[in-house]
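Below: one structure, written as structure tokens.
The values are calculated or read from the model by the stated rules, or taken from the named source; none is laboratory data. Computed from a predicted model, the values in this text were never measured in an experiment. Every residue, glycine as well, gets a Cβ built from its backbone with ideal geometry; the counts of neighbours run over all protein chains shown. Surface areas here come from the heavy atoms of the whole protein model, side chains and all, with no ligands, DNA or RNA. Shrake-Rupley method; radii C 1.70, N 1.55, O 1.52, S 1.80 Å.
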Amino acid sequence: MAILSIRIIGDPILRTAAEPVTEFGPELAKLVADMFETMDAVDGAGLAAPQIGVGLRLFTYNVNGQRGYVINPQISNGDETQQGAGEGCLSVPGLGFAVRRFMHTTVTGVDLENQAITVSGEDMLARCFQHETDHLDGHLYTDRLEGEDRKAALRAIRAAQYQKITARTASTRAQSVGSSFGGLA
Ligand code: NI
């Protein structure tokens, strides 16, 4: 297993819709294992594949002891919304803003054997599912901010000079992501 470097806002892959997973084999299993290891190493609640430079539709999650992954996820949300709780993102380091999300989310997808799975969550877990699925469509949580929060986030992102961080992570990309998804990495 390996800890992968996390792409930072400004990296185009975070703004690109990811492709469905179509090959289920040892490389995919390794990717999921590496994503768990990477998520755990930074104490993350969730990690989507584009965040480690792989343009495929899958994510891992770990919220209040509920832990897993979903490949090719589709979400459906209940009508009830939850009040904006502080949300952050490994790809937008150092920031946190309140985002309005749905209270109940069900995710359907497949596992490493391409067998159908369904997981449901509420509150923080539902929030995580919505956040990670957004990543697969090229969206960041900061896109969902409104008004003063949105302005504050954009100012903070500009001030943080993430380009320098991006340059550093790009230089280590080759070793960390490896060649298993070479065409996409
Ligand atoms: Ni995120």
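Listed conditions (1) closer than 23 Å to Ala153 by Cβ; (2) away from the ligand (no atom under 13 Å from the Cβ); (3) modelled with pLDDT of 95 or more are all met by Asp34, apart from (1). Under the condition of being near the ligand (Cβ under 10 Å from one of its atoms), free of Cβ contacts under 8 Å to residues at least 60 places away in the same chain and open to solvent by 10 Å² or more (accessible area, probe 1.4 Å), the residues counted in the range 129-151 number 2.
Read through the list (1) assigned to a helix (DSSP H, G or I); (2) open to solvent by less than 70 Å² (accessible area, probe 1.4 Å), then give the number of the only condition that Glu27 fails. Exception for Glu27: condition (2). The number of residues in the range 99-128 that are of a type in the set (S, T, N, Q), exposed (fewer than 15 other Cβ atoms within 10 Å of the Cβ) and outside any loop (DSSP other than H, G, I, E, B) comes to 2. Take the conditions (1) under 24 Å from Ala159 (Cα atoms); (2) away from the ligand (no atom under 16 Å from the Cβ); (3) not aromatic (Phe, Trp, Tyr); Ile71 misses just one of them, which is (1). Considering each residue of the range 33-40 in turn, at least one proves to be among the aliphatic types (A, V, I, L, M) and in contact with a helix residue (DSSP H, G or I) (Cβ under 8 Å, 6 or more places away or on another chain). Screening Leu90, Leu47 for residues that are open to solvent by less than 70 Å² (accessible area, probe 1.4 Å) and part of a strand (DSSP E or B) leaves exactly one candidate, Leu47.
Kindly establish whether Thr108 is away from the ligand (no atom under 16 Å from the Cβ), of a type in the set (Val, Ile, Thr) and closer than 17 Å to Tyr141 by Cα. Don't jump to the end; show me each part of the working.
Details: away from the ligand (no atom under 16 Å from the Cβ): yes; of a type in the set (Val, Ile, Thr): yes; closer than 17 Å to Tyr141 by Cα: no.
No, not satisfied.
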